[in-house]
Structure formats: structure tokens, C-alpha cells
2 protein chains.
Amino acid sequence: MAATIRDVARLAGVSPSTVSRALSLPGMVNATTRARVAAAVEQLGYEPNRAARGLITGRTGTIGLVVPDLANPFFASLTKGVQARARHHDVAVFVADTDEDPAAEAGLVRALSKQVDGVVLCSPRASDEELAAIAQDTTVVLVNRTAVGLPGVAYDNEDGMRQAVAHLVALGHRRIAWVGGPATSWSTQHRGFGLRNAVEALRAELAPVGNFAPTYEGGMAAADQVVATGATAVVAYNDLVAIGLLARLHSRGISVPGDLSVVGVDDIAMSRMARPALTTVRLPKQEAGRIAVELLLAMLDDPDSAAEGPKHGELHGELIVRDSTGPAPQK
Amino acid sequence: MAATIRDVARLAGVSPSTVSRALSLPGMVNATTRARVAAAVEQLGYEPNRAARGLITGRTGTIGLVVPDLANPFFASLTKGVQARARHHDVAVFVADTDEDPAAEAGLVRALSKQVDGVVLCSPRASDEELAAIAQDTTVVLVNRTAVGLPGVAYDNEDGMRQAVAHLVALGHRRIAWVGGPATSWSTQHRGFGLRNAVEALRAELAPVGNFAPTYEGGMAAADQVVATGATAVVAYNDLVAIGLLARLHSRGISVPGDLSVVGVDDIAMSRMARPALTTVRLPKQEAGRIAVELLLAMLDDPDSAAEGPKHGELHGELIVRDSTGPAPQK
DNA sequence: GATGAGTCTGCAATCGGTTGCAGTTTGTGT
DNA sequence: ACACAAACTGCAACCGATTGCAGACTCATC
């Protein structure tokens, strides 16, 4: 059995209260007794029982993370960031995966909320209202999106799209296709908006081809429609979609970047390995997880400041140019 | 504030003990009072506080999962499986990522062990002795490997390699190269062993080219050595390595499968998207996570049976033939 | 030497449940 | 009608910590 605070107290010849204080409020106890306690702690390898502490303090030292799909490399990186940062603060992370089922989110968060101090929620599809309802149960920080009234960390999609378009326009492209992700996805909306602005500012033209699943298959499905637009370049919702495009274009004998330039978003590991290697807007994924944790812990430590209004984090993407973009073909 | 057992008791007009029993030992309480309690629970939305329960029962209802790298799709899938199965049993999962640092494992498990009932440990590199030491702290189930004296779930690597070799030999290959992963990795050892046996049984010849990092870069680094062996086919430690091979072979102008056939192991999502699509031994990754959880929970529910000797799970791979393997070239 | 302030330390209550034991009720057999 | 067992239910202790409050001690000051 693990040592309890009483064991330590007995060994050090003091009361449990003193041990407790020696550990959490060192200033309140005499240096010599503090040393005796420290020695006893050391000797017994004592570590406070978190459940017992949580019972009285109301804090569990644990946060939750809810993501749509752990097998998606984007969310895996996010999780890695959350996890690393949490450990740095000596906070444990419950990870839950909704299996891309937005309906499961509310229930999951509710179940988690009893066991954690707060949750980092990655919910690209839920509406603002649904999120607000979820946030009733516990302290929530959104990640990879924003919603009115809730704290969150998101990417500046407008800026990322501007970089992509500037790159393509500089290469001589004038007509740019856009393969959107799920219509309800926050990122789809913001990227589409950013593209329209950027394209307009640079006197180019946007050819949206609709909404597709944010997957390899989605990209395969979109490819022929992209070709039909007559665009010389295409921006895909994310890298998985872009890689799907690449595959279908290849099998149709369309050269990338000779006939068509392709740009993705995310910069997942796979993008570097694609053929041709994918030009993409790199999003700092782990960083988003880290910041979300910082935001959450800050809110928990200081609920007053949290009440003043939701805090936000904003992250910027960076265009990584590889081999899937090149000069527009001379017609 | 959340409702406590006392609130429920008051509303139902019974004592807290009765409420507790009505929920956990329904047989012990009268049907009508049980109904009254149930109604009160419903009305208040009561859920027992796990920390409080854990304090007295000694069970936290939580397990830990330690993996080398969440961003590696193999481990991500594993995590997904663990997580799904645990939720099915209403058990929460702490996920921790060692960032490929085997030295961190022991510390992590020790830290986790105070907060969980047991841990699923994925530690490909640690020695049997190190694992035994770690298992002192808490109930441990290994995954993706075995070690004497410890329960675990692992793949039948010999069988997987046999399938791969049989496929290659049927295609006319006689000299098969083998790109190993980290020398200390359990899977490297078992796959190498399985290959030697299979090759011998089928009167072919094995050309090992040494040990490489289990990554895309590792595969790139191994490619030229593979070519130098004069083999007409190569089995790679895993899919990432195989995809690295593909990339380097492509840039050297070596045709796959025309000049050289390539086989991977794992069947990660990326393999289907590689060019050519990768022939690989598919390992049921989520299944491994699920079984590990079942094993762990069974040990926790019935410590006696656990003492009888470690239980093991064994999973089989399945050869998925795609486009990276073909008939051996006529010399 | 008594007084008062200041520092430490310990007592005991508390968090929200679970469970051994004893008491109450109900039902059965005679 | 009575004894006795069976079936429920409640009391109170307990899990391992934290913390308000009060007591004990030290030390300086008058």
C-alpha cells in the first residue's frame, strides 16, 4: 500500500495537518520541521492522493480533450500538444474520440465534466448554440474554431488563404478552384471567405466546386469537377483532400504541377511524402493544443478574469512550397 | 453545484446508505424504495462522484495508456481502440505520450500509477527487466509485444512474414531483402526471425540490410543498400519505412514493382495513398487496443485469476496486396 | 515577571461516497 | 398469539487529504 499523509506525519513526529501545510504552504511551517517532513516524505516515497485532495479542494488536476477522430493526423498532433503541455503543468488528460459523430459530443463532455476541471473541445461541426449548451456543464476552451462568448484558439484562415493565393497568382494563375470541406465546418466557411477576399484583392477568379468529405476519398471525388472548371490551380480544404486530388489527377494523366497546381492546408506528415510533394499551408497543430491548455488552466486558476470575457488565441499558418505548385501553363 | 448522495437521500426520504446500495447493489433494496431513489436520481441528475467513490473502494475507474508517439498513425489507431473499448466499460483513459523516449516510460507509468487502476503500456524498446520493474508499481498489460511474466497482446509476426514471403515467392522472387527497424525493438526481432524461417522453408534467400529508424527517413536511408543487395523484393519493417523506400527508389529511377517489389507492415492509411499503392501486412491495430483493455479490466476485476499466470492475446495480420508487388523481373 | 504580539502546530470538521453491523419490519410456521 | 428467520434500512466509521480555529510556545517589551 502507498504511504498516506498519516504515515508521513508519524514518521516525522508531527500531525497530518503540518505535513499538508509543509507541502502546500511551506511558508507557514518552521524550517526545521519542514525539513523533518521532507525527509519523511522522501523516505516513504509519499505522494498525495489526488482523489482525496480533489474531494476537498474541488479540483481534480485533470482536464478532458474531445476530438472527432484520433486517427486523423491533424487531431493526433493536436492531442500531442495538449498532452505535452498538460503534463508540464502536472495535469493529466482524459482523451475521448467521438468517431466523427457530432451528436456524441454533448454527452461525452457531460460525462467527462464530472471528472475533470475543464475540457478542451475540438468540435468543427457543432453550431454556436450547441456549443453554448455544452459549455454550461463545465469550463470549456474551443480549439480550431471560435464561437461567440466562448474562449478558444483558432487559426487565421484568412491570412493562410491569402498566402496561398499570393503564391499562385505570382505563378501566373488567374483562375483558382476551391474544394471545400463539410459545409457546416467552421474552417470550410472561414477558408472559403478568406479565399474570396484574397482572390478579389489580387484580381483573380475563384471557382468553388462544392463541399466534400475532408478525406482522401473526398479529394478523389472532387478531382474531376476541379478539372471541369478549367482552373489552373486548386486549393483543397486540407491535405488529405489534396492528396486525394493528386491521386485522381495522376490516374487521369493530368500533370501536377504541369497542368494543374495543387495546394493543401495543415501540413500533415503525409504531405511531404506525397508525389509530387504537396505545397501546403502549415498550421501549428501542437501549438494550438498547447495554447488551449494554457488558456484553460488560466481560466481555472482565476475564474474572475474568465468572467470578464472569453480569451482567444490566434495562430498563423505558413505557406510551405513544395513540388505540387508551379507556373501556370501557357494556353 | 452538482447533487450529492445526500440530496438524493433527502428527496427520496431514505438514508444515503440506501441510495448507495440502490445504485450499486440493487438486489439488496426493496423494489419500491429503489424506484423512489431512481426517481430522485433522475430528478436531480445525480451522478456519483468518482473521486469520492474511489477513495473508499480503491478503484478509480480510470486506466492509463502510454505510447511512444501519438503522431505515429500506428499508435494513434491503437489509442483509438483502447479509448473506444474503455468507454464501453465506462472507464476513462489517461493518455500519455513519451515522445519516443524510452527512458521516460518508467517515470510516466509511476506517475500515472497513483491515479489509475492499471495501465496499457506500449513499449517496443524496453528490455524485459525494465518492464518487470515498471510492472511493480501497478497492473500492466503490454501491447504490441510480449515479455516473460507479463500479460500482453501481440501480433503473430512469424505468420505475417510467412504470408508476405509466400506472396513474393509465388511471384518468382528468390532473393528478398529485409530492412529492420530499431535493433532493440521487439517487433524487429520477431519479424526478422519470422522472415528467416519463411524464406528457408520456401527455399528462397534473405538479404538483411541492417537496422533503420522506423520512419520515412529510415526508408530513404535504406533504399540504396537494398538495391545493392541485388534482391528483387524487399520487406520493410513497417509502412513508413516502405514508403520511404518507394520515394528514394522513385528518385533513382528504379521501377516498383517492375524492378523491385516492396512490402510493408501495418497498413496505415497512408499506404493506400502511396504511389504505387503499398502491398502490406495489415495488423488489426484498434483490435489490439481493445483486447488489451479487456485483458486489463479482467485482471482488475479478478486479481486471483491474474495471479495464476499472465494472460496473452494474439492477433493475426493479413496480407493486403496492392500495386507495389509484382512478378520478379526476368534477368 | 507579566503582557502582548507573532509564529507555529494540532484538533476536528469536512469533502462525497461505501460498508460492517445492528436494529426494525415483515412474514412464516406452529 | 409467539418465536424466529429473512429482508430491508439506518447508524456510524472510514477512505486520505485540506483548512478554520484555537491553543501553545517564543520572544521582545514594559
Per 10 Å bin, what is the whole-percent P(r) computed from every C-alpha pair distance within region A:1-152?
-> 10, 32, 23, 16, 15, 3
Would you please give the FRET efficiency between A:ARG196 and B:GLN225, computed as 1/(1 + (r/R0)^6) with r the Cβ-Cβ distance and R0 = 60 Å, to the nearest 0.05?
-> 0.75
Just the number, please: carbon plus sulfur as a percent of the accessible area of region A:5-48, 1.4 Å probe, no ligands or DNA/RNA counted.
-> 53
At a 1.4 Å probe, what is the % contribution of carbon and sulfur to the accessible area of region B:229-331?
-> 50
Cα gyration tensor of region A:252-321 - equivalent ellipsoid semi-axes, whole Å, descending = 40, 11, 7
Cα gyration tensor shape of chain B, rounded if a/c is under 1.5, else prolate or oblate by comparing a/b with b/c = prolate
Whole-Å semi-axes of region B:102-193's equivalent ellipsoid, largest first, each the root of 5 times a Cα gyration tensor eigenvalue?
-> 34, 13, 9
Of B:LYS80/B:LYS311; A:LYS80/B:LYS80; B:LYS80/B:LYS285, those spanning more than 19 Å from alpha-carbon to alpha-carbon = B:LYS80/B:LYS311
Enter the Cα centre distance for the pair region A:189-241 and region B:222-291, rounded to the nearest angstrom.
-> 31
Provide the per-residue ³J(HN,Hα) series for region A:251-267, in order, calculated from phi with Karplus coefficients 6.51, -1.76, 1.60 and θ = phi - 60°, each as a whole number of Hz, with x at glycine and proline positions.
-> 6, 8, x, 8, 7, 10, x, x, 8, 8, 9, 10, 10, x, 9, 2, 6
Might you report the magnitude of the Cβ-based charge dipole of region B:5-48 about its Cα centre, with Lys and Arg at +1 and Asp and Glu at -1, to the nearest 20 debye?
-> 160
Please compute how much accessible surface disappears when B pairs with A, both sides summed, using a 1.4 Å probe, and round it to the nearest 100 Å².
-> 3400
So for R0 = 25 Å, FRET eff. of A:HIS312-A:GLU130 from the Cβ-Cβ r, to 0.05, ends up at 0.80
On a C-alpha basis, how far is the centre of region A:76-138 from the centre of region B:50-121 in Å? Whole number, if you could?
-> 17
What is the magnitude of the charge dipole of region A:138-265 about its Cα centre, with +1 placed on the Cβ of each Lys and Arg, -1 on the Cβ of each Asp and Glu, and no other charges, expressed in debye to the nearest 20?
-> 140
Relative to chain A, whose Cα atoms define the longest principal axis, helix A:73-88 and its Cα axis are tilted in degrees, nearest 10, by 20
Taking the label point as lying 7 angstrom from Cα along the Cα-to-Cβ axis, what are the distances from B:ILE56 to the corresponding position in the remaining copies, in ascending order and in nanometres?
-> 1.8
Between copies, how close do the A:GLY27 label points come, placed 7 Å along Cα→Cβ, listed in nm from shortest?
-> 5.7
Amide H neighbours of B:VAL153 under 5 Å, at least 5 residues apart or on other chains, H built in the peptide plane: list them.
-> B:LEU142, B:VAL143, B:ASN144, B:ARG145, B:GLY313
Threshold 50 Å² - residues in region A:57-89 whose accessible area is reduced by that much or more when the chain is no longer isolated, probe 1.4 Å = A:LEU70, A:LYS80, A:GLN83, A:ARG87
Short version: ³J(HN,Hα) in whole Hz for each residue of region B:309-319, in order, from phi by Karplus 6.51 cos²θ - 1.76 cosθ + 1.60 (θ = phi - 60°), x for Gly and Pro, what are they?
-> x, x, 8, 10, x, 10, 10, 10, x, 9, 6
Residues of the protein assembly as shown: accessible area per residue with a 1.4 Å probe, Å² | 42
Stokes-Einstein D (µm²/s) once Rh is taken as the Kirkwood radius of region A:56-145 over alpha-carbon pairs, at 37 °C in 0.692 mPa s = 251
How would B:LEU142, A:LEU202 rank on accessible area, largest to smallest, probe 1.4 Å?
-> A:LEU202, B:LEU142
Taking the Cβ-Cβ separation of B:LEU44 and A:THR4 as r and a Förster radius of 25 Å, what is the calculated FRET efficiency to the nearest 0.05?
-> 0.15
Note on the protein assembly as shown, DSSP bridge orientation, antiparallel percent to nearest 5 equals 10
Calculated log₁₀ intensity ratio I(q)/I(0) where the Debye formula runs over C-alpha points of region B:157-283, q = 0.11, 0.15, 0.16, 0.20 Å⁻¹ = -0.29, -0.56, -0.65, -1.07
Restricted to chain B, the DSSP antiparallel beta bridge percent, nearest 5, is 10
Can you give the Rg and Dmax of region B:7-86 based on its C-alpha atoms, in angstrom?
-> 18.6, 54
Sticking to Cα atoms, compute the Rg of region A:39-104 to one decimal and its Dmax as the biggest Cα-Cα distance, whole number, in Å.
-> 16.2, 52
At q = 0.20 Å⁻¹, the log10 of I(q)/I(0) for region B:5-48 from a Debye sum over equal Cα scatterers comes to -0.47
Length-normalised contact order of chain A, Cα under 8 Å, at least 6 apart, in percent, tallies to 17
Report, for A:PRO303, each distance to the same residue's label point in the other copies, shortest first and in nm; define the point 7 Å along Cα→Cβ.
-> 3.7
Tell me what chain A gives for mean residue ellipticity at 222 nm when only DSSP H runs of n ≥ 4 count, each as -39,500 (n - 2.57), the sum divided by the residue total, rounded to 500 deg cm²/dmol.
-> -14500 deg cm²/dmol
Considering the dipole of chain B built from charges on the beta carbon (Lys and Arg +1, Asp and Glu -1) around the Cα centre, which of B:ALA298, B:HIS89, B:PRO276 is farthest to its positive end?
-> B:HIS89
Please list, in chain and number order, the residues 5+ apart from B:VAL281 or on another chain whose amide H is under 5 Å from its amide H, with Hs placed from the backbone.
-> B:GLY264, B:VAL265, B:ASP266, B:ASP267, B:ILE320
Kirkwood estimate for the protein assembly as shown, i.e. one over the average of 1/r between Cα atoms, Å = 27.4
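The values are calculated or read from the model by the stated rules, or taken from the named source; none is laboratory data. Computed from a prediction, not measured in an experiment: that's the story for all the values here. Cβ: placed from backbone, ideal geometry, glycine included. Neighbour counts: every protein chain shown. Ligands, DNA and RNA are stripped out before the accessible areas are found, and what is left, the full protein with its side chains, is counted by its heavy atoms. Shrake-Rupley method; radii C 1.70, N 1.55, O 1.52, S 1.80 Å.
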